[in-house]
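The block underneath contains the structure these notes are about, expressed in structure tokens.
The values are calculated or read from the model by the stated rules, or taken from the named source; none is laboratory data. Keep in mind the model is a prediction, meaning the values are calculated, not measured. Ideal geometry is used to build each Cβ from the backbone, glycine not excepted, and the neighbour counts take in all protein chains shown. The protein model used for the area step is the full one, side chains on, heavy atoms only, and it has no ligands, DNA or RNA in it. Shrake-Rupley method; radii C 1.70, N 1.55, O 1.52, S 1.80 Å.
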Amino acid sequence: MSAQRRQLHLNLFVYPGGHHEAAWRYHGSDPGRVLDIAFYQDLARRAEQAAFDAVFLADGPSLPDNVRYASRFRLEPLTWLSAIAAATERIGLIATASTTYSEPYNLARLFASLDHLSRGRAGWNIVTTGAPDAAANFGLDEHPVHAERYDRAREFVDVVGKLWDSWEDGALVADPGTGVFADTGRVHPVNHHGRHLRVRGPLNTPRTPQGRPVYVQAGSSEDGRAFAARYAEAVFTAHQTLESAQEFYADVRSRAAALGRDPDGLLVLPGISPFIGSTEAEARALQEEFDELTQPGYSLDLLRRLLGLELGEEELDRPVPRHLIETGGERGLGSRFQLVLDIVDRERPTVRQLLHRLAGARGHHVVAGTPEQIADILQRWFEQGAADGFNVMPPWLPGGFDVFAEEVVPLLRRRGLFREAYQGRTLRDHYGLARPESVYATTPAAVPVPAPTTAPARQKEHVPS
Ligand SMILES: Cc1cc2nc3c(=O)[nH]c(=O)nc-3n(C[C@H](O)[C@H](O)[C@H](O)COP(=O)(O)O)c2cc1C
């Protein structure tokens with residue numbers, strides 16, 4: 001990372017309708033456009049005008065039951081981000097894809113294709129998929145357990161990395177004179193034989209502008225942290241307090257250093273969902289307006305999947321029955337489960353209060369305040385060892401994003417905390433990450449690398465994104 005002043009990174013985390021579970025019912029929303037690509041292309045252009053690092057799309061290969069009450073279907077990230085790539089020039093494009101419910105060869109070429117068609121702007125949010133109901137969509141009777149999912153994920157990411165490297169820089173010659181299209185001496189089979197996967201390779205797509213799309217990851221459990229320390233270049237995470245974010249930040253960076261990595265090569269980006277008003281009272285009133293639109297049918301289902309609690313509407317104004325929450329087994333391994341349990345233990349909320357806490361952003365940090373107050377929170381977490389930037393999660397779209405870009409971003413710039421304009425063209429440029437060399441590279445490329453042209457299982461448990 002260059003010697004220039006450290007500046008924070010901002011991603012726009014796009015969720016159909018917005019992150020608040022009742023966003024689609026808010027009078028400022030436009031639920032009829034949740035499947036309109038022009039809506040998302042326009043949103044991405046706005047984030048690009050604000051010089052955001054990336055737009056990010058979550059994913060899960062199953063449909064949650066509570067779609068009855070909220071826009072909880074999925075935009076398949078690689079497909080939608082390809083269309084967004086065509087409408088933008090610089091903003092990064094981070095797509096989520098599962099290591100449990102995908103095959104490495106196909107996934108490698110899908111992301112390589114996104115990196116080529118965007119001229120070096122692709123990132124892969126590596127998830128193992130927490131939702132057990134995905135298993136039935138892939139012919140499995142049982143959802144693989146947490147440890148098994150991470151074991152496959154490690155092997156999966158190793159294979160995908162080798163496939164992306166299977167074409168060295170300079171392998172694509174395309175010389176009509178000599179008739180050599182590809183220098184096959186620089187195209188390598190990966191011949192991977194592992195516990196979970198067998199892949200011969202090489203990849204059928206030449207090396208991408210970034211060498212490898214950016215590795216993003218979002219696990220916070222013991223396995224999740226070890227995985228992040230080993231592979232992640234950017235880590236998404238959910239924290240309710242500065243202290244828990246500081247602990248996570250220090251931990252993953254020290255784990256990375258212990259593995260011989262430069263900790264600055266791993267960016268930590270907590271999620272934040274801001275309600276913004278010209279006064280704090282106005283911002284809180286806006287948040288309450290959203291919470292009043294929530295429907296117990298949706299929220300109680302979320303609580304069942306997060307904590308395993310089967311509760312009814314008659315219990316909404318009673319304290320959360322802490323004694324009924326099972327902390328052992330698979331569910332207890334997940335970081336989101338722990339995060340919600342900490343809220344229950346710390347705040348002793350009623351069921352309704354807890355549902356409203358989760359309605360905003362599923363356990364991510366929800367804040368309400370003036371633009372100055374929001375900028376203060378971002379600056380504090382950034383300067384006090386809790387974050388290198390943030391996944392901005394607008395409660396509703398597009399308005400919740402526009403007010404952030406128009407009111408908070410200028411304040412961050414005035415404080416020298418955020419870029420005025422893009423310095424580079426690729427996501428690696430924006431994140432200040434090096435372009436990796438192919439692991440097969442023996443000698444420097446004979447043919448110089450072309451720069452991106454302009455105009456680059458048993459017990460159900462679930463962790464929502
Ligand atoms: C910002 C953020 C985005 C996430 N996006 C997804 C997603 O798109 N799909 C998914 O299955 N899980 C998603 N997750 C959940 C994580 O992949 C992971 O399952 C969760 O953080 C629990 O990790 P753990 O099992 O290591 O605790 C997301 C988590 C965070 C913090």
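Relative contact order for region 32-155: what is it in percent, counting Cα pairs under 8 Å that are at least 6 residues apart? With pairs under 8 Å counted, the relative contact order is 25 percent. Starting from one equal scatterer on each C-alpha and no solvent at all, send me the Debye-based log10 I(q)/I(0) for the chain at q = 0.06, 0.09, 0.10, 0.11 Å⁻¹, two decimals. Values returned for q = 0.06, 0.09, 0.10, 0.11 Å⁻¹ are -0.26, -0.58, -0.72, -0.88.
Here the Karplus curve 6.51 cos²θ - 1.76 cosθ + 1.60, taken at θ = phi - 60°, turns the phi angles of region 99-105 into couplings of 7, 7, 10, 9, 10, x, 5 Hz, with x standing for Gly and Pro. The share of alpha-carbon pairs in region 1-153 lying farther apart than 22 Å comes to 49%.
On average, how much accessible surface per residue is there in the chain, in Å², for a 1.4 Å probe, leaving out ligands, DNA and RNA? Mind showing how you got there, number by number?
Working: 18740 Å² over 465 residues.
Accessible area per residue, the chain: 40 Å².
Global dimensions of region 152-226 from alpha-carbon coordinates: Rg and Dmax equal 15.6, 55 Å. Both the radius of gyration and Dmax for region 300-365 are 10.9, 30 Å, in that order, over alpha-carbon atoms.
Dividing the C-alpha radius of gyration of region 327-418 by 2.2 N^0.38 Å, with N its residue count, gives 1.29. The share of accessible area on region 35-161 that comes from carbon and sulfur is 51 percent, using a 1.4 angstrom probe.
Can you give the extra length, in nm with one decimal, that the chain gains between VAL67 and ALA136 once fully stretched, where that is 0.36 nm per residue apart less the Cα-Cα distance?
Working: separation 69, 0.36 × 69 = 24.84 nm, distance 1.80 nm.
23.0 nm is the gain from fully extending VAL67 to ALA136.
Derived value for region 124-282: Kirkwood hydrodynamic radius 18.6 Å. Basis is the mean of 1/r over every pair of different alpha-carbon atoms. The trypsin sites (Lys or Arg not before Pro) of region 1-92 that meet both conditions, a loop assignment by DSSP and at most 12 other Cβ atoms within 10 Å of the site Cβ, are ARG5.
Compared with the rule-of-thumb size 2.2 N^0.38 Å for a compact globular protein, region 278-432 has a Cα radius of gyration ratio of 1.24. Spin-label pair ARG200-GLU247: with each label point 7 Å from Cα along the Cα-Cβ axis, the two points sit 5.0 nm from one another. Rg/Rh for region 88-181 stands at 1.10; both radii use Cα atoms, and Rh follows the Kirkwood definition.
Surface calculation, 1.4 Å probe, protein heavy atoms: GLU222 sits at approximately 120 Å² accessible.
Rounded to the nearest 5, the antiparallel percentage of DSSP beta bridges internal to the chain is 15%. Over region 138-289, what is the relative contact order in percent, taking alpha-carbon pairs closer than 8 angstrom and at least six residues apart? 16 percent.
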